[in-house]
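A quick write-up on the structure given underneath.
The values are calculated or read from the model by the stated rules, or taken from the named source; none is laboratory data. Computed from a predicted structure; not experimentally measured. Here Cβ is always computed from backbone atoms with ideal geometry, including for glycine, and neighbour counts include all displayed protein chains. All accessible areas refer to the heavy atoms of the entire protein, side chains included, with ligands and DNA or RNA removed. Shrake-Rupley method; radii C 1.70, N 1.55, O 1.52, S 1.80 Å.
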Amino acid sequence: MIAIALGFVLGLETNNAKDYFVSKPGAKFKYTETDSKGRKQSSTDTVEAPMIVLTRSLIPIVTTSGSRSTSTYYSVTDTMISIAAFDISKPLKEPVPVLQLENGKGSWDYEMIVKNYGDANDVTKIHGEARMIAKRKFEKGMYDAIEVKLTSQTGGGKTLVEDTQTCIYLRGVGLVEMTSESKFGRETARRTLRLESREVPPGS
C-alpha cells in the first residue's frame, strides 16, 4: 500500500504495451511501404470505435491502400496487444500477441496452426522480445521508444518459412517503423514500413 501511494503522489508513468497503442476512434496513420525492389505503396490505418465480440472488447483498425480496405481487430490490455480477428464473423480461437510489455520489457512465445502450400496443417512458432531503446524524434517531439523483434518459423524441411520482423513503437504515437524479412527456400522477400504522418482527434 505504501508503494502504491508513493507512486500516486509522484505521478509515476507506466511503461506498458497500452502506452504504445493509440486506440482513439478517428485516429489516422499514413504509412509508406517499400518492397525488395524499391517499389513504394501508401496506406492509411484508421482506428474505429470499439466493439464487443463474444464478450470481448475489440478495437478495429481499417487499413486502406488504393481502393482496397482490410480490417484487423485488436484486443488491448495494459500489458498485451493481440490480434483477435481478421474477419469479425470468425474470431481467432486464441488472440495472436504482437506486443507484450510490462515495466519497459517483455518476452513471449506463441504457436498456432496454419494451412501450408499443400493445404495441409503446419505449426507456426512465434517468439517475441520487447525492450526500451533511446528516445526517437517524430514530427516535432521526442518520444519514449521501444523495439519489438518477432521471429517465426512455419513448417519444416522444404516447406520451411522463416520470418523476422523488427518494429519501433513510440509512446502515445504507436508503430512508426517496421522492417521485415521472409525466407522460403532460396527466396527472400524484404519490406519496410514507415509512418509519414498522423491525425489524432482532440481529447486523446
Margin query: Taking amide H atoms as placed 1.01 Å from N in the peptide plane, list the residues 5 or more away in sequence, or in a different chain, whose amide H sits under 5 Å from that of G106.
Written below: A130
Check: Top to bottom by accessible area (1.4 Å), largest first, where do F138, F184 land?
Finding: F184, F138
Next item on the list: Compare T72, T151, T55 in a GNM of the chain, Cα atoms joined below 10 Å, and give the one with the largest fluctuation.
Entry: T55
Checklist line | K24-S57 pseudo-label distance in nm [points 7 Å out on the Cα-to-Cβ vector] | finding: 1.7
Note to self: Can you tally the net charge around R39? Count Lys and Arg as +1, Asp and Glu as -1, for every other residue whose Cβ sits under 11 Å from the Cβ of R39.
What the structure shows: +1
Item checked: Accessible surface, the chain, averaged per residue in Å² (probe 1.4 Å) -> 63
Check: Can you pull out the chymotrypsin sites (Phe, Trp or Tyr not before Pro) in region 58-130 that DSSP calls coil and that have at most 13 other Cβ atoms within 10 Å?
Finding: F86, Y117
Checklist line | Förster-model FRET efficiency, 22 Å R0, E139 and S180, C-beta, rounded to 0.05 | finding: 0.35
Notebook entry, point to check: Using a 1.4 angstrom probe and counting only protein chains, how large is the accessible area of S43 in Å², to 10?
Noted result: 20
Next item on the list: Please turn the phi angles of region 61-73 into ³J(HN,Hα) values with the Karplus equation 6.51 cos²θ - 1.76 cosθ + 1.60 (θ = phi - 60°), one per residue in order, whole Hz, x for glycine and proline.
Entry: 10, 9, 9, 10, 9, x, 9, 9, 10, 10, 10, 10, 10
Notebook entry, point to check: In the structure shown, do any of K37/K93; K37/K137; K93/K135; K24/K135; K18/K125 have a Cα-Cα gap over 32 Å, and if so which?
Noted result: K37/K93; K93/K135
Note to self: Which aspartates and glutamates, if any, have their Cα less than 20 Å from the Cα of K28, not counting same-chain residues under 8 positions apart?
What the structure shows: D19, D45, E48, E139, E177, E196, E199
Next item on the list: Please work out how much length the chain gains when fully extended from R68 to V114, using 0.36 nm per residue of separation minus the C-alpha to C-alpha distance, in nm with one decimal.
Entry: 14.1 nm
Check: Taking amide H positions as placed 1.01 Å from N in the peptide plane, with prolines and chain starts having none, which residues 5 or more places from S57, or on another chain, fall under 5 Å of its amide H?
Finding: none
Notebook entry, point to check: Expressed as a whole number of Å, what is the distance separating the alpha-carbon centroids of region 133-204 and region 48-103?
Noted result: 17
Notebook entry, point to check: Taking the chain as a Gaussian network, where each spring joins two C-alpha atoms under 10 Å apart, which residue of A84, A49, A17 fluctuates the most?
Noted result: A49
Check: Between K93 and K149, what FRET efficiency comes out of the Förster formula 1/(1 + (r/R0)^6) with R0 = 30 Å and r the beta carbon distance, rounded to 0.05?
Finding: 0.70
Checklist line | In sequence order, calculated HN-Hα J values of region 86-93 (Karplus, 6.51, -1.76, 1.60; Hz; x Gly/Pro) | finding: 10, 10, 4, 7, 9, x, 5, 4
Checklist line | Under-5 Å amide H pairs with L92, H placed in peptide plane, nonlocal only | finding: A85, F86
